[in-house]
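What follows is a single structure, written as C-alpha cells, with notes after it.
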Amino acid sequence: MSNGLPLLISVGGEKLAIELGLVRNVYVVTALTEMYIKFGDPDVAFRLFEEMPQRDIVAWTSIILGFIENGKNNEALRIFREMRLGDDKPNSVTILILIPACGHSIHSLVVKSGFDSAEEVQIAMLNMYVKLGYIVFHQMLKTTDLKLDFIIAASVLQACAQLGSLHYGEMIHGYVIRMGSITELEVATSFVDMYAKCGSLTAAQMIFDGMQNCNIITWSALILAYGCHGFGCRALDLFEKMKQEGFVPDETAFPSVLSACSHSGLVCKGKEFFDMMQERYMVKPGIKHYGCMVDLFGRAGLVDEAWNLIKAMPFEPDINIWGTF
C-alpha cells in the first residue's frame, strides 16, 4: 500500500480514494490532508481530518503543521488543545512544531504536557524567547534541571547571531563566562560567529585570539566575519594563515573565502579560489559554493557570467541562488 500511495495522490486524490474505499484508512487520509495543505487549502484538509474515523499522532501533527504553515497559528493551538483532551497525546515533534510559531503562549501548554524537561524542547524554548526579545535564559537555568552545556549555549548564541542581537548575546556571554563554559571549542566558535554577525569584529577577533585551540569552523567564521564587513584582503590573509597553521581548506572554509571575495568585489580572486577548490583540494562545489559565485558575479554586474554559471550547475538552483542573481 505504501508504495502505491504517491501514485494515488498524484492521479486521483480524494475522489479516487473514495472510489477505492480507502477514506477510512488513517494513512491515506493523512496523506490527502498533507496534499491539500501543500496546495494551500487547509480548510479542506481540516474537513478530511474531522471526518477521519480514527486518528493517530501523525494525523494530529500533520494538521497542526498545516495550519501553522498557512499562518493560522490560533487554529493550530486550538487543535493541539483538543488533541490533549483525547486519547492521542502529543509527542516532542508536535511540541517542536508549535514552539517557534506560537511564541510564549505555548509555554504553559508545554509544561502541562510534560515536555518541559526534554532537552530539545528546552533549547527550542530558549531560541524562541531570544527571538521574542525576552531574557529568561538565566531564570530557566535556575528553575529547571537544565544544565548549561555547549549544545544549549551554542544554540542560543546562534539565535542571537541570526537576529543580530548583540545586547542579548553579550548578556549570555557574561553568564557563560561565570559558568566557565567558554573553554568549550564549540561555544567559543559560536561567540566568534555571534559577535561577527552582530557587527562587533573587535570582540570576535578577541575571542578568537584567546582560544587555545581552533578548528577549521572557527577559522571559517572569522574569515566570513571580515569578508562580510568589507575587509576582503584581511579575510584572504586569514585564509592563507589558516593554511600555514596546517588546516586544509574544505567545503566549510571555501564559502567563507568566496563570500569575502564577493563582498569586496574581488572577482578574479573569487574565480581563482573556485577553481583551486576543485583542482587542488578536490572539493566538489555544492549549492553554497555556487551561490557565492553567482553573488560574486551579480555584485560585479557580470549578469551573463552569473546566468551561465547557473545553467552549468549540476543541480537545480534553489531560492538562495535566485535570490543572489
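Here are the numbers for the structure shown:
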{"read-out": "Qualifying positions in the stretch 172-214 - assigned to a helix (DSSP H, G or I), surrounded by fewer than 18 Cβ atoms within 10 Å (Cβ to Cβ), modelled with pLDDT under 80 and among the β-branched types (V, I, T)", "value": "I177"}
{"read-out": "Sole exception among (1) outside the structural domain of G301 (by TED's automatic domain parsing); (2) part of a helix (DSSP H, G or I); (3) in contact (Cβ under 8 Å) with a residue 12 or more places away in the chain for Y226, by number", "value": "(1)"}
{"read-out": "Filter result for V294 (among the β-branched types (V, I, T), in a helix (DSSP H, G or I) and not assigned by TED's automatic domain parsing to the domain that holds D193)", "value": "yes"}
{"read-out": "Residue in the stretch 253-261 that is under 22 Å from C198 (Cβ atoms), of a type in the set (V, I, T) and within 26 Å of the chain's Cα centre (by Cα) present", "value": "yes"}
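This table checks each residue for (1) closer than 16 Å to C228 by Cβ; (2) among the aromatic types (F, W, Y); (3) surrounded by fewer than 16 Cβ atoms within 10 Å (Cβ to Cβ).
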site	(1), (2), (3)
A260	yes, no, no
K269	yes, no, no
V283	no, no, no
Y290	no, yes, no
R299	yes, no, no
L302	no, no, yes
N308	no, no, yes
A312	no, no, yes
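The values are calculated or read from the model by the stated rules, or taken from the named source; none is laboratory data. Here the structure is a predicted model, which is why all the values come from computation and not from measurement. Neighbour counts are summed over all protein chains in view; Cβ atoms, including those assigned to glycine, are modelled from backbone coordinates with ideal geometry.
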